[in-house]
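The values are calculated or read from the model by the stated rules, or taken from the named source; none is laboratory data. Remember, predicted model here, so these are calculated numbers, not experimental data. Reconstructed Cβ throughout: ideal geometry from the backbone, glycine too, with neighbour counts over all protein chains shown.
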Amino acid sequence: MSIARSLLLRAADSQWLADQMSRRSFSRRAIRRFMPGEELADAIGAAATLKGQGMGSLFTRLGEGLTKQSDADAVRDHYLDVFDQLAARKLGTWISIKPTQLGLDLSVDKCLEYLHTLAAKAASTGSSLWIDMEDASYVDRTLGLYRELKAKYEPVGLAIQSYLFRTPRDIEGLLPLKPWIRLVKGAYAEPAAIAFPVKRDNDLAFFDLSLKMLDGVKTYGGLAVFGTHDIALLRRIIASAKERGVTPGQYEIHMLYGIQPVAQRDFVAQGEAVKVLISYGHAWFKWFMRRLAERPANVTFVLRSMLS
Ligand code: FDA
């Protein structure tokens, strides 16, 4: 892992920096590169624009690692309302959520209960519920939650990280469930004992896992989602899908709001199914630091925002 990436990921845990950044107007200007605004209405406006360009969307309200059960209750209630609002607007938007935002650190059982409630709501409103993957200490519990949900509801998806050595086995174990899997490279600082420290190795692993997922979709069904902005990699995956007769819709490309927007539109023009994950909310600090760590050159636009 590069020194810059590792420093930025370590800084993500600094409460002092979080307080400082949250108070400064320059950081608000800088985050606008990755989010249309902090309010749900901002996300809805962006989703409508994307829909007009032939793209789907997913929403996530930022916040993680909750320490009070009442906060988790409020998150559940918030998303129940969002599902209704999305259905009323016929936006076709999905929801993506971190288990610690539903109190996984407080109670696995309660977290599962809330996920059931949200998955049922997603199914009844024609939407889909996705579970993000957090750092490696959560993977076993998150897989357990997903298996429970998938046994009951069709439109539920799970993010899986290619940088973890365990991931080929995890994917193989999930395939018979006809899973909806979003493969991502992984955004956390993990030790070299459990995850690829070198980006090139992770990129190769991502491609190998993509083939496994495409074969899985063909054999079992489900949905293979490739969540990356790595255009060359996506082109190879699309070519491999074509070779296998796996078509857009059986697989999708998901990217983050504000990253590679031109490529997002180009893929749509080529007939690919593309969705954009839109974040909103006030608790953006940790998430923003992970976006900087993914591309340390991004720090320059933070500096530019300070000067402007
Ligand atoms: P890579 O890092 O190879 O970048 C390829 C190119 O994309 C770069 O050269 C640059 O042009 C552009 N790029 C990438 N990141 C950028 C950034 N921050 N700013 C500007 N340009 C950038 N992670 C996780 O651990 N758990 C999860 O649940 C999710 N969920 C998730 C959903 C979706 C839809 C996406 C796209 C990503 C995630 N991630 C995630 C994040 C993921 O793990 C990873 O950190 C980022 O996608 C960055 O890696 P790339 O695959 O884009 O490629």
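Tabulated data
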{"item": "Residue list for segment 238-277, filter: among the acidic types (Asp, Glu) and either in contact with a strand residue (DSSP E or B) (Cβ under 7 Å, 6 or more places away or on another chain) or closer than 13 Å to LEU50 by Cβ (or both)", "result": "GLU252, GLU272"}
{"item": "Matching residues in segment 10-63 - criterion: being assigned to a helix (DSSP H, G or I), of a type in the set (Lys, Arg) and either in contact with a His (Cβ under 7 Å, 6 or more places away or on another chain) or crowded, with 18+ Cβ neighbours inside 10 Å (or both)", "result": "none"}
{"item": "Among (1) over 25 Å from ARG147 (Cβ atoms); (2) modelled with pLDDT of 95 or more; (3) surrounded by 14 or more Cβ atoms within 10 Å (Cβ to Cβ), the one test that ALA189 misses", "result": "(2)"}
{"item": "Residue that is nearest to the ligand (Cβ to nearest atom), among those in segment 132-159 that are within 16 Å of ALA224 (Cβ to Cβ) and in contact with a Leu (Cβ under 6 Å, 6 or more places away or on another chain)", "result": "TYR146"}
